[in-house]
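Here is the structure we will look at.
The values are calculated or read from the model by the stated rules, or taken from the named source; none is laboratory data. No experiment lies behind these values; they were computed from the predicted model shown. Virtual Cβ from ideal backbone geometry, glycine too; neighbours counted across all protein chains shown. Quick note on the areas: whole protein, heavy atoms, side chains included, nothing else; ligands and nucleic acids left out. Shrake-Rupley method; radii C 1.70, N 1.55, O 1.52, S 1.80 Å.
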Amino acid sequence: MNDIDDLLADLEEQEGVDLIYDALVPRTEHVIEHQYRDADETVCLSLANDGKTPVDYLMLTAPDDVLVRMVAFLKTQLPVVSFEDLRTRAHERTESAPGALVRMAIAAEEPDQESITLIRQALHSPDRDMKHAAIEAACLTGWPLFLDELVDLYHRHPETDTRALAGRAVQALIGRNPTGPSPH
C-alpha cells in the first residue's frame, strides 16, 4: 500500500478506527513526524521520516484492545521485517548504506552482542556518514552502554556537527535512563 489515505480508509472500514491528520511535528533537523488521531484522541498513529538516513517508521499509541487490532491490520498492509533480518542487513550493508544501522536500532529491544558490536564499530569509523548513523543508532536503541563512547565523541571529535549530534544523543540516553546503565 503506497498511499496513507488508502491505508487510513481501509483501517476505518476494516477496524472501525477513523484517523484524521492532526499535526506535522519537526523532531530534529532531519526528522519530521506526521500525526494522525481519532476524534477522542485515544489513538495516535505517527509516521516519521528521517531525511538524513532514509528511514521512515511508524509509531502507534492506543488502548490495548485497539492496539492489538491495529497492529494485526498494519502487518497485513505494510512490509514487516524481523529484527534478525534488519541486523543481518546492517551487518552486510552498513558500509554502503549506513541507514541500515539506524533501521536495526529502531527495532532493537534488548542488547545483544552482535548489535552492540555493529554500532560500536561504526562509532569508530572514519567515515562521517557511518559515524553519524552510528550515533543515531546508539541513541535509538536506548541502551546506556554506549554513553562512554558518545561522551568521548562529544568531547574529542574535531567536527562540530559530530560533537553536537553526540551531545544530543548523550542527553537523550540519559533522559531515557535516569538511574544510569544496567550491566550488560
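Between rounded, prolate and oblate, where does the chain land on the alpha carbon gyration tensor, with a ≥ b ≥ c its root eigenvalues, rounded for a/c under 1.5, else prolate if a/b exceeds b/c?
Working: a/c = 2.00, a/b = 1.87, b/c = 1.07.
Note, shape of the chain comes out prolate.
Here the chain is treated with +1 on each Lys and Arg Cβ and -1 on each Asp and Glu Cβ, and its dipole about the Cα centre works out to around 1040 debye.
GNM remark for the chain: springs join alpha carbons under 10 Å apart, and the peak mean-square fluctuation among 46, 115, 82 falls on 82.
Across the options 8, 34, 21, the greatest Cα extent toward the positive end of the charge dipole of segment 1-103 (unit charges at beta carbon of Lys, Arg, Asp, Glu) belongs to 34.
Placing 104, 59 in order of accessible area, with the largest value first and a 1.4 Å probe, yields 59, 104. Most fluctuating residue of 103, 69, 37 in a GNM of the chain with Cα springs under 10 Å: which is it? Ranking 103, 69, 37 by mean-square fluctuation puts 69 first. Over the chain, accessible surface divided per residue gives 58 Å², non-protein components excluded, 1.4 Å probe.
A 1.4 Å probe, protein heavy atoms only, puts the accessible area of residue 148 near 130 Å². Charge dipole of segment 131-180 (Cα centre as origin; +1 on each Lys and Arg Cβ, -1 on each Asp and Glu Cβ, all else neutral): 100 debye, rounded to the nearest 20. Relative contact order for the chain: 12 percent, from Cα pairs under 8 Å spaced at least 6 residues apart, divided by residue count. If you run the Gaussian network model on the chain, springs between alpha carbon atoms under 10 Å, then out of 119, 20, 106 the most flexible one is 20. Accessible area ranking (1.4 Å probe, heavy atoms, ligands and nucleic acids excluded), largest first, for 57, 36: 57, 36.
Here is how the number arises for the chain: DSSP H runs of 4 or more residues each give -39500 (n - 2.57), the sum is divided by the residue count, and the result at 222 nm is -16500 deg cm²/dmol. Computed on protein heavy atoms with a 1.4 Å probe, the accessible areas place 75, 131 in the order 75, 131, largest first.
The alpha carbon centroids of segment 2-33 and segment 143-168 are separated by 34 Å. For the chain, the share of accessible area belonging to carbon and sulfur comes to 50 percent (1.4 Å probe, ligands and nucleic acids excluded).
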